Amino acid sequence: MRKIAGTVRTPARRIYLGPIGLELGYDGVMSGFQTTDAPAAVAKAAQSDPIELARQRLIVALDVPDAKSAMRLVAELEDTCKWFKVGLELYVAAGPAVLEPIVARGHNVFLDLKLHDIPNTVAGAVRSAAGLGVRMLTVHAGGGPAMLAAAKAALAGAVNPPELLAVTVLTSMDAGQLHLIGVNRAPSGQVELLAKMGLAAGIRGFVCSPLEVAAVRALTGPEGVLVIPGIRPAGAAIGDQKRVAGPAEALSLGASYLVVGRPITQAPNPAEAANAILEEMAEAL
Ligand code: C5P
């Protein structure tokens, strides 16, 4: 174990990727990616290549306004990246049909709708989303214990259900923003409270900022599927994000997956930018 910025670093290779991950030697990981069809020797080589390991853990946020722009990015990035996140901007504009060609091309899709409503409504939305072929789905932990339990229960019996992730505190929120919505606790305390609430509801997947990932990992143990936005590679603009870290640091602190949007999608050459991030991630693997 090494110490970084006062936090105990966990070996990044021992983090559980959930039932959605390729078996790469992580604790209790199962298969699920296209590469499982590769000949055994090729698959084995990929298991020890840090860039390949990094590739399985990088999610590109397709925060674009229409399906055409999304598919242009997927085409540019699909040799470099295996995961794509469809969030509110794209989903509201293009609807569930936008998911089909991405799933059909063999990619893993994270549907980031951050559902937050009464339990019955969220359960219905989760059931609908479970049929879309996506591998991850988000709800807001702030919806409360009853909503989280209803979301979890809605996936019971689903065939090949997505990993349900509870969003703790948005990475764009800091103590000042939390105060303004009546939360007079530091972001870290609020994240821990919400993560415990999710665990109590039977959820093991969480979205939190790099600054809280070590604390959430301590709560979940190796089985937690921790998906971390707010990633900024060396030299990238921070934008509206407030609680950020670099790719290698986030992995070392316990992240399972990293979500990166603008540093890749707004780069002059997105594939080049993604490759640079994979290199940074590989340092921690
Ligand atoms: O462009 P950038 O890398 O900041 O994009 C981060 C992505 O992660 C966005 O799609 C945003 O919606 C998402 N996200 C986040 N903070 C959370 C949960 C999701 O930034 N807590």
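The values are calculated or read from the model by the stated rules, or taken from the named source; none is laboratory data. Not measured: the values here are computed from a predicted model. So basically every Cβ, Gly included, is an ideal-geometry build from the backbone, and we count neighbours across all protein chains shown.
The residue list 72, 9, 55 contains one member that is at pLDDT 65 or above, of a type in the set (Lys, Arg) and closer than 14 Å to residue 256 by Cα, which is 55. Taken over region 71-102, the residue count meeting the criterion of being surrounded by 15 or more Cβ atoms within 10 Å (Cβ to Cβ) and not hydroxyl-bearing (Ser, Thr, Tyr) is 20. Could you please let me know if residue 273 is modelled with pLDDT of 95 or more, away from the ligand (no atom under 15 Å from the Cβ) and hydrophobic (A, V, I, L, M, F, W, C)? In short, no.
Set side by side, the residues 285, 258, 211 differ, and just one is at pLDDT below 95 and within 12 Å of the ligand (Cβ to nearest atom), which is 211. Taking region 71-100 as the range and being assigned to a helix (DSSP H, G or I) and touching a residue at least 40 places away in the same chain (Cβ under 8 Å) as the test, the residues that pass are 73, 76, 77.
Screening region 53-70 for residues that are within 11 Å of the ligand (Cβ to nearest atom) and outside any strand (DSSP E or B) and picking the one that is surrounded by the most Cβ atoms within 10 Å (Cβ to Cβ) gives 62. With the condition kept exactly as written, say whether any residue in region 178-187 is assigned to a helix (DSSP H, G or I) and more than 17 Å from residue 215 (Cβ to Cβ). Checked against the condition, which is being assigned to a helix (DSSP H, G or I) and more than 17 Å from residue 215 (Cβ to Cβ), region 178-187 yields at least one hit.
Criterion first (buried (at least 24 other Cβ atoms within 10 Å of the Cβ) and of a type outside the set (S, T, N, Q)) does residue 183 satisfy it? So residue 183 does not fit the description; no. I'd like to check something: does region 101-112 contain any residue that is among the aliphatic types (A, V, I, L, M), part of a strand (DSSP E or B) and within 27 Å of residue 68 (Cα to Cα)? Yes, there is a match, as at least one residue in region 101-112 is among the aliphatic types (A, V, I, L, M), part of a strand (DSSP E or B) and within 27 Å of residue 68 (Cα to Cα).
All conditions in (1) at pLDDT 95 or above; (2) more than 9 Å from the ligand (Cβ to nearest atom) hold for residue 245, with the sole exception of (1).
The set of residues in region 195-208 being touching a Phe, Trp or Tyr at 6+ places or on another chain (Cβ under 8 Å) and within 13 Å of the ligand (Cβ to nearest atom) consists of 195 alone. If you check 73, 99, 113 for being within 21 Å of residue 281 (Cβ to Cβ) and within 16 Å of the ligand (Cβ to nearest atom), only one passes: 73.
If the condition is being assigned to a loop (DSSP other than H, G, I, E, B) and in contact (Cβ under 8 Å) with a residue 12 or more places away in the chain, then region 163-177 contributes 168, 169, 171, 172, 173, 174.
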